[in-house]
Amino acid sequence: MAGLAGASPWRAGLRTIPLGLGGMLGAGVFVGLSPAAGVAGRWTLIAVPLAALTAWCAVVSTSHQSASYRGAGAAYSCVRDKLGVLPGRVAAGTGLFGHVAAMAAIAGAVAEYLPTPNPVTAAAVLLLVVLVSTAGLRIRGLSGWLWLGLTLAVLTVVVTACLSIAPVPVSTGVEHGPLAITSSAGFFFFAFLGFERLTAPDAERDRHPRAAVRRGALLGVSATAVVLLTVSFAVIRQLGAARLGLSPAPLLDALRAADAATLTSGVGLGAALAMTPVLLGALESGRSTGLAVISDGELPASLGRRGGNGTPYLLELVLAAAAVLLALFVTPALATGVAACCLLVHYAFVNAAARVLLVDEWTWSTRTACLGMGLSVILAMSMPVPAMLFTLGAVLVPPVCGALVDRTGSATRG
């Protein structure tokens, strides 16, 4: 009996895997692999464990915050409560824009894996996802396992093809130094962003016991890191880091290089389908933060209006519209970098707030929050300049707008 009792938390953790792992795998393997290899070259594989460690620190912090701040946007609420209004606005801006950029990156990647890759296809995919969310459809339980199985099946086909034939020797291109590891890790951090669906859900019905969440997240982060390492090794072996860094659809190009072009149609469709739940997850995460910001009066209350299925459809339409605009004018690779950089800054504040939250608990969780804050800052500062410029806008605009609104409100009341 003791053995069964000890195993039950792990079984409960297994039930949480599709919620977190499905979102993690779908984002990074299909979207982040190419830009990560482009900046790090032969050092790419070393960046995966660093990204996984950064993600794990955020997992620990958000799970503690979600337990203390119930409801939507727990991480943002903790930052605002523990660090103040200004850091809260920065965290909100980087969190919202980071998830908008993530949606644009994933939708752009979906379009690249379909037979007709163009920005209009990406926009159509985003609008379709909003309609699905507004209708109240959710990918949970058995459907989550099925989508996770589809993702793993697609990746298995690609890895098998890449390792079954010797690669053609290619030029290594520009030689990258070891300092590029942190920039590559920033892109790979994008691969782990599904964890907040598990650690900080905005609906009570999606909550799981803390022990189950911790074990499920540990399994999810570990499995994602292993899959990323395996796929990255196989694709880099077949394409080379230089060619991989220039590829808009690296898995399809790897199949062509491995003399398996006949598989590209099926793999492309499978990859596009596998990324659909990830888009829903990014929309859910952005919606969660947005609802918390609305409840604090930082955004118009009308955006929180809910439809018949309880979904804040106006907020989701605004987030999707912003993602559509970004997808029309920005490549998926750049959108991935923007999303990663914004969310790294966001989680730097989240970890800092968790450190204050846990100040009286001298446990490893406190040290993990400190480590996560430092790693998030280092990785964010290592991202390409265009991504940092977008992030700078996300850092500056919300506090300025918030200050103007406060001043206007004070003048009106006076």
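The values are calculated or read from the model by the stated rules, or taken from the named source; none is laboratory data. Because the structure is predicted, anything quoted here is derived from the model rather than measured. A quick note on method: Cβ atoms are made from the backbone with ideal geometry, for glycine too, and the neighbour counts reach across all protein chains shown. Side chains are part of the model used for accessible areas, which takes the heavy atoms of the whole protein and leaves out ligands, DNA and RNA. Shrake-Rupley method; radii C 1.70, N 1.55, O 1.52, S 1.80 Å.
Simple spin-label estimate for Cys370 and Leu229 gives 2.8 nm between the two label positions (7 Å along the Cα-to-Cβ direction from each Cα). Accessible surface for segment 274-347, divided over its residues, is 34 Å² per residue with a 1.4 Å probe.
Look at where the Cα atoms of segment 235-289 and of segment 116-139 average out, and the two centres are 18 Å apart. Among 337-349, 222-234, sorting by the average number of other beta carbon atoms lying within 10 angstrom of each residue, highest first, gives 337-349, 222-234. Extension gain for the segment Leu392 to Ile46, taken as residue separation times 0.36 nm less the Cα-Cα distance, is 121.8 nm to one decimal. Take the Cα of Leu328, step 7 Å toward its Cβ, do the same at Leu273, and the gap between the two points is 3.1 nm. Fully extending the segment from Arg237 to Leu179, taken as 0.36 nm per residue of separation minus the present Cα-Cα distance, adds 18.7 nm. Taken as Cα centroids, segment 34-88 and segment 344-392 sit 7 Å apart, rounded to the nearest whole angstrom. With the simple model of a label 7 Å out from the Cα in the direction of the Cβ, Leu314 to Ala261 spans 5.2 nm. 3J(HN,Hα) couplings calculated from phi for segment 267-277 with the Karplus curve 6.51 cos²θ - 1.76 cosθ + 1.60 (θ = phi - 60°) are, in sequence order, 5, x, 5, x, 5, 4, 5, 5, 7, 4, x Hz; Gly and Pro show x.
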